[in-house]
Amino acid sequence: MVSGYEDGTFKPNNQVSEAEFLSMLFKLYANSHVIQSIDAVEGQAIKGDIWSDRYYTYASALNLKLDASKQNPKLRNHALNRTEVAVIVAGLGGKNYTQDEDAIRYLLNMGYSSGKTAATVQGYAGQESLTRAEAVVFLQNLKEKGFELWSRPKNATEATENEKNGGLPDQTMKAVYSADHTLVLQGTFPAYANQTMPIKIHGPSPAVEHIQTQQVTTDAYGNFKLTLSNLDVKELNLYVDVREDYSYWISVEAGRTAISDYTE
């Protein structure tokens with residue numbers, strides 16, 4: 001994920017540049033289907049003349065709106081601040097927020113960041129820069145928390161009132177299944193606000209044997225949270241029955257986090 005300088009040093013306390021951050025991020029996700037599909041389309045042309053050309057080709061293909069830096073390599077060396085990081089990551093999370101604060105909230109609400117001094121927009125310290133060492137830790141956390149790459153949508157994403165109050169984006173479910181087999185399942189489905197619904201917990205594939213069923217009640221925004229311990233299986237298949245004829249499904253392995261966005 002990380003390359004050192006020409007003299008062989010890493011210089012962890014140096015401020016990370018935009019180009020360096022993109023390099024770290026896209027190297028971390030080099031095996032994703034999104035990056036591999038861009039490689040397949042671009043072929044050898046993706047290498048470019050400058051070491052960072054490859055990463056700006058990815059950024060352009062994913063609609064990150066870094067065209068100025070792509071056209072002028074000198075701009076790629078500016079020290080990235082934490083707000084710019086939030087905007088890039090939210091974009092790759094499939095969000096195109098109109099306000100930078102909403103991109104920061106996205107990172108905090110999804111658990112991708114806990115902020116610098118507190119898990120708030122102010123505590124995130126958006127105007128401060130990021131060191132190379134901090135960027136490595138942030139990106140490793142991003143991967144461990146289940147973040148996957150998507151293209152930034154062309155249309156603007158409006159943050160909901162629920163997100164502004166710390167909730168997940170609409171139609172999102174997040175399953176954290178720790179190594180000690182404790183499950184924390186959260187979801188936000190506003191169409192099913194103030195309703196009680198069953199969550200069916202099944203074991204690993206291919207048998208997916210039924211383990212138990214739990215009931216949850218959503219709040220006025222459609223949020224729910226379920227915590228279970230001692231499940232004692234290596235993988236869970238979870239079904240949220242929002243209606244008698246419709247379920248949302250998510251699968252998660254022990255020691256991992258899974259996140260899914262849904263349409264209906």
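Would you mind listing the helices (runs of 4 or more DSSP H) fully within region 51-94 where at least 3 residues are closer than 15 Å to Ser23 by Cβ and under 19 Å from the mean Cα position of the chain (by Cα)? Break it down into steps so the answer makes sense when it comes.
Values: elements: 53-61, 67-71, 82-92.
Counting at least 3 such residues, we get 53-61, 82-92.
Out of Val208, Val137, Val184, Val176, report the one residue that is at positive phi and not small (Gly, Ala, Ser).
None of the other options fit; the residue is Val208.
Do any residues in region 23-39 that are without any contact (Cβ under 8 Å) to a residue 12 or more places away in the chain have Cβ atoms under 6 Å from those of residues that are open to solvent by 20 Å² or more (accessible area, probe 1.4 Å), where the two are at least six apart or on different chains, and which pairs are they?
none
Any chance region 111-127 includes a residue that's assigned to a helix (DSSP H, G or I) and open to solvent by 10 Å² or more (accessible area, probe 1.4 Å)? Please lay out each step first, then the result.
Restricting attention to region 111-127, the residues satisfying the condition of being assigned to a helix (DSSP H, G or I) are 121-124.
Filter once more, keeping what is open to solvent by 10 Å² or more (accessible area, probe 1.4 Å): 121-122.
Looking for residues that are assigned to a helix (DSSP H, G or I) and open to solvent by 10 Å² or more (accessible area, probe 1.4 Å), one finds at least one in region 111-127, hence yes.
State whether the residues of region 204-215 include one that is farther than 21 Å from Asn96 by Cα and in contact with a Ser or Thr (Cβ under 8 Å, 6 or more places away or on another chain).
Yes: region 204-215 contains one or more residues that are farther than 21 Å from Asn96 by Cα and in contact with a Ser or Thr (Cβ under 8 Å, 6 or more places away or on another chain).
Restricted to region 173-230, and to residues that are assigned to a strand (DSSP E or B) and touching a helix residue (DSSP H, G or I) at 6+ places or on another chain (Cβ under 8 Å), which residue is least open to solvent (accessible area, probe 1.4 Å)?
Of region 173-230, the ones assigned to a strand (DSSP E or B) are 173-177, 183-188, 196-202, 210-217, 223-228.
Of the ones still in play, those that are also touching a helix residue (DSSP H, G or I) at 6+ places or on another chain (Cβ under 8 Å) are 174, 188, 223.
Values: Lys174: 21, Thr188: 1, Asn223: 33 Å².
Among those that are assigned to a strand (DSSP E or B) and touching a helix residue (DSSP H, G or I) at 6+ places or on another chain (Cβ under 8 Å), it is Thr188.
Only one of these conditions is not met by Lys164: (1) closer than 21 Å to Gly146 by Cα; (2) of a type in the set (Lys, Arg); (3) surrounded by fewer than 17 Cβ atoms within 10 Å (Cβ to Cβ). Which number is it?
Condition (1) is where Lys164 drops out.
The values are calculated or read from the model by the stated rules, or taken from the named source; none is laboratory data. Note that the structure is a prediction, hence the values are computed from the model and not measured. Backbone-built Cβ (ideal geometry, glycine too); neighbour counts: all protein chains shown. Quick note on the areas: whole protein, heavy atoms, side chains included, nothing else; ligands and nucleic acids left out. Shrake-Rupley method; radii C 1.70, N 1.55, O 1.52, S 1.80 Å.
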